[in-house]
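Novice: Pasting in a structure now, in structure tokens, and then I'll have a few things to ask.
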Amino acid sequence: MNIEGIIFDLDGTLVNSIADIAYSMNVVLEASSYPTHSYEAYETFIGSGIRNLVGKALPADAKNEKEIDRVFDEMFRHYKDNCINKTAVYQGVMPLLEQLQKTTLKMAVLSNKADALTKKVVTHTLPAIFNPVIGLTTEALKKPNPEVVLNICKELGLNVNNTLYVGDTSVDIQTAKNAGLISVAVTWGFRSKASLVAEKPDYIIDSPEELLDLLS
């Protein structure tokens, strides 16, 4: 493949952030006397932004807009201060990035995590090789809306047909398809391989090293 660039998802693709997300959300839930959730539950909640996660984490009788707004504000404040405590780069990702850094490929990050949090996590956990790094600024632009992906490709001068979008959820696969990019699903993140297969991505990889194989 004549690949010109790669756009990466963040959570579940480059970094494992589940411990920090679960901790902050559970602290906020406990403060309101709501039931908390396990890491496994949060793996199914994430992928569509913090507001969506809050809606899934709240008990059924609290799922109203006013309460979601209130809990979202508390969750955002708590998570902003604790989003890099235990968040760690997945095994194999650093060697992958070191190899990619030696190429002429342009690389970016696009996440449904809030923009300020996305930038903070990338800055503190990953090498400074991604430009741009973009998180969610408005619900209307949330993946799988392809608008931001297309803007990134335009900004970097990338042909969408020669650009990979790498992510770990159905949202990422749909984003790639909606934008006309080549979709690469990773199985080490927060979704089962079977659920990824069902979305029919262009490629599925089981380790970061396999991304290099696609590029060779």
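Novice: Quick check: from the Cα gyration tensor, does segment 137-216 come out rounded (a/c under 1.5), prolate or oblate?
Specialist: oblate
Novice: Which distance in Å, rounded to a whole number, links the C-alpha centroids of segment 162-216 and segment 84-136?
Specialist: 17
Novice: Return the subset of LYS80/LYS102; LYS63/LYS143; LYS66/LYS142 for which the Cα-Cα distance in this structure is over 31 Å, preserving the input order.
Specialist: The pairs that break the limit, which is 31 Å between Cα atoms, are LYS80/LYS102.
Novice: Give the Debye-formula value of log10 I(q)/I(0) at each listed q (0.13, 0.16 Å⁻¹), with one equal scatterer per alpha carbon of the chain, two decimals each.
Specialist: Debye intensities relative to I(0), on a log10 scale: -0.70, -1.05.
Novice: Okay, moving on. How would segment 18-82 be classified by its alpha-carbon gyration tensor: rounded, prolate or oblate, with rounded meaning a/c under 1.5 and the a/b versus b/c comparison settling the rest?
Specialist: Since a/c stays below 1.5, the shape of segment 18-82 is classed as rounded.
Novice: Under 14 Å Cα to Cα from LYS56, which aspartates and glutamates show up? Leave out anything in the same chain fewer than 8 places away.
Specialist: Within the straight-line limit of under 14 Å, LYS56 reaches these aspartates and glutamates: GLU40, GLU43, GLU65, GLU67, ASP69.
Novice: Something else about it: Based on the Cβ-Cβ distance of LYS56 and THR137, what FRET efficiency does E = 1/(1 + (r/R0)^6) give at R0 = 25 Å, to the nearest 0.05?
Specialist: 0.70
Novice: Quick one: length gained pulling GLU98 to VAL27 fully straight, 0.36 nm per residue minus the C-alpha distance?
Specialist: Extra length available between GLU98 and VAL27 comes to 21.9 nm.
Novice: Further, regarding this structure: Taking the chain as the reference, fit the longest principal axis to its C-alpha atoms, fit the long axis of helix 18-31 to the helix C-alpha atoms, and give the angle between the two in degrees, 0 to 90, nearest 10.
Specialist: 20
Novice: Related question: Once you have a ≥ b ≥ c as the square roots of the Cα gyration tensor eigenvalues for segment 62-188, tell me rounded if a/c is under 1.5, and otherwise prolate or oblate according to whether a/b is larger than b/c.
Specialist: oblate
Novice: Same structure, new question: I'd like the orientation of helix 115-125 relative to the chain: the angle between its Cα long axis and the longest Cα principal axis, in ° from 0 to 90, rounded to 10.
Specialist: Long axis of 115-125 versus the principal axis of the chain: about 70 degrees.
Novice: Given the rule -39500 (n - 2.57) for each run of at least 4 DSSP H residues, summed and divided by the residues of the chain, what is its mean residue ellipticity at 222 nm, to the nearest 500 deg cm²/dmol?
Specialist: Taking each H run of at least 4 residues, the total per residue is -13500 deg cm²/dmol.
Novice: Using the alpha-carbon atoms, what tilt in degrees (0 to 90, nearest 10) does helix 170-179 show relative to the longest principal axis of the chain?
Specialist: Roughly 50 degrees, rounded to the nearest 10.
Values quoted throughout were computed directly from the atomic coordinates according to the rules given, and no laboratory measurement underlies them. All of these numbers come straight from a predicted model, not from anything done at the bench. Because the Cβ atoms are built from the backbone with ideal geometry, glycine has one as well, and the counts that use them run over all protein chains shown.
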